[in-house]
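Taking it in order: structure first as structure tokens, then the write-up.
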Amino acid sequence: MPRNESEIDELRRALLAGGAAVMAVGVVLPLTGCTAQSPPAETAQTTPTPTPTAPRRQTVSTFTTKEGVELYYKDWGSGPVVVLCHGWPLCSDSWESQMIFLADSGFRVIAHDRRGHGRSSQPWDGNDMDHYADDLAQLLDHLDVKDAAVIGFSTGGGEAARYIGRHGTKRVKKAGLISAVPPLMVKTQANPGGLPIEVFDGLRKAQLDNRAQFYKDVPSGPFFGYNRPGAKPSQGTIDFWWLQGMMGGHKNTYDSIKAFSETDFTEDLKKFDVPTLIVHGDDDQIVPIDASARASAKLIKNNKLIVYPGAPHGITDTHKDKLNADLLAFLKS
């Protein structure tokens, strides 16, 4: 050990000189007097040449329509394409149980947030089925999907129907309507089995009065059938529904009530020329089955109707295992 200041300075200079030498040759030496040695020639390593990899498709992205509306979408997995259209006032997250299952089962699954919903932009105008369908058409053109199964839940069923009605089935191999609103929800002279307009006026009023509370009341009650005797509500499911709804634009989700309730999809359904799966719960309190699924089945030429006894509207969550199995069987058929 150094005993005085002079010895300490001498040691410091030696260490600094040694450090500079180490840095110069790029070899770290222990302070024991060892000398650096080059590795034997037979052990010298070379940097491997990187193996080229194919460009990866983005799994989450955005697309801007011709009108300047930015649509958020997910693109999971690989294989035959499945396109999922979500319900009101939700977003593509509402399909997550089906997306992960189908992607794991060998499908490429695409789901977007409709304009004004979720993470997509919130245009003041154009919150109607024609614009929804045209947005979807532009997205599928952008992704250049072919032979897709286009499947819509609730309001998304209307979007899928109007897409086929306006743009045909050049990119579509199969279709699906899950708890879907077609052919027409509101009661008219031509549709006596529909719901009175006062029902939808009540939805609009509840949204304007207190949207945040309204979006708690719907999933806590009729959407998932939690208002039925013996039901066991899931607070997580309720909160997730509320979160998705509140992500949407106030004006957009308000206008969408008119879009899903007053749009007549009768002529769109008559244009379906691909195999179509229709799934609905017979205790659906949001979209009653007689005026929707059973009526649609009479208009679509090649369809398979599956009824879930006692099931509510939100079967993508409450009956996800059964629905996943039915979707997979249909897609593989």
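The values are calculated or read from the model by the stated rules, or taken from the named source; none is laboratory data. These numbers come from a predicted model, not from an experiment. Backbone-built Cβ (ideal geometry, glycine too); neighbour counts: all protein chains shown.
Looking at 331, 323, 305, 243 in this structure, which one is in contact with a Leu (Cβ under 8 Å, 6 or more places away or on another chain), modelled with pLDDT of 95 or more and among the aliphatic types (A, V, I, L, M)?
The conditions single out 331.
What strands (runs of 3 or more DSSP E) completely inside the stretch 62-171 contain at least 1 residues that are of a type in the set (Asp, Glu) and in contact with a Leu (Cβ under 8 Å, 6 or more places away or on another chain)?
It comes to 70-76.
Using beta carbons and a limit of 9 Å, which pairs, at least six apart or on different chains, have the first residue in the stretch 211-228 and on the phi > 0 side of the Ramachandran plot and the second one part of a helix (DSSP H, G or I)?
As it stands, the answer is 225/318, since those pairs meet every condition given.
Given (1) touching a Lys or Arg at 6+ places or on another chain (Cβ under 7 Å); (2) surrounded by 18 or more Cβ atoms within 10 Å (Cβ to Cβ); (3) within 30 Å of residue 326 (Cβ to Cβ); (4) not small (Gly, Ala, Ser), where does residue 219 come up short, assuming only one miss?
(1)
Just to be sure before I move on: is residue 69 aliphatic (A, V, I, L, M), in contact with a Pro (Cβ under 8 Å, 6 or more places away or on another chain) and farther than 24 Å from residue 315 by Cα in the structure I sent?
Here the answer is yes, as residue 69 does meet what is asked.
Given the criterion closer than 20 Å to residue 250 by Cβ and either crowded, with 17+ Cβ neighbours inside 10 Å or not hydrophobic (A, V, I, L, M, F, W, C) (or both), identify the matching residue among 105, 94.
Matching residue, one of 105, 94: 94.
What are the residues in the stretch 229-249 that are of a type in the set (A, V, I, L, M, F, W, C) and without any contact (Cβ under 8 Å) to a residue 60 or more places away in the chain, if any?
Across the stretch 229-249, the qualifying residues are 231, 238, 242, 243, 246.
Inspect all residues belonging to the stretch 229-238 and state whether any of them is touching a helix residue (DSSP H, G or I) at 6+ places or on another chain (Cβ under 6 Å) and in a helix (DSSP H, G or I).
The answer is yes, given that some residue of the stretch 229-238 is touching a helix residue (DSSP H, G or I) at 6+ places or on another chain (Cβ under 6 Å) and in a helix (DSSP H, G or I).
Which one of 244, 213, 189 is surrounded by fewer than 20 Cβ atoms within 10 Å (Cβ to Cβ) and in a helix (DSSP H, G or I)?
Every option except 213 fails the conditions.
Can you report the number of residues in the stretch 288-333 which are of a type in the set (A, V, I, L, M), surrounded by 15 or more Cβ atoms within 10 Å (Cβ to Cβ) and in a helix (DSSP H, G or I)?
Qualifying residue count for the region: 9.
Regarding the stretch 267-274, can at least one residue be identified that is among the β-branched types (Val, Ile, Thr), assigned to a helix (DSSP H, G or I) and at pLDDT 95 or above?
no
Under the condition of being in contact with a Gly (Cβ under 6 Å, 6 or more places away or on another chain) and not in a loop (DSSP other than H, G, I, E, B), which residue from the stretch 172-186 is farthest from residue 263 (Cα to Cα)?
Only one residue tops the list, namely 177.
Here's the yes/no breakdown for (1) under 15 Å from the mean Cα position of the chain (by Cα); (2) surrounded by fewer than 19 Cβ atoms within 10 Å (Cβ to Cβ); (3) touching a residue at least 40 places away in the same chain (Cβ under 8 Å):
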site: 118; (1), (2), (3): yes, no, yes
site: 122; (1), (2), (3): no, yes, yes
site: 139; (1), (2), (3): yes, yes, yes
site: 148; (1), (2), (3): no, no, yes
site: 169; (1), (2), (3): no, yes, yes
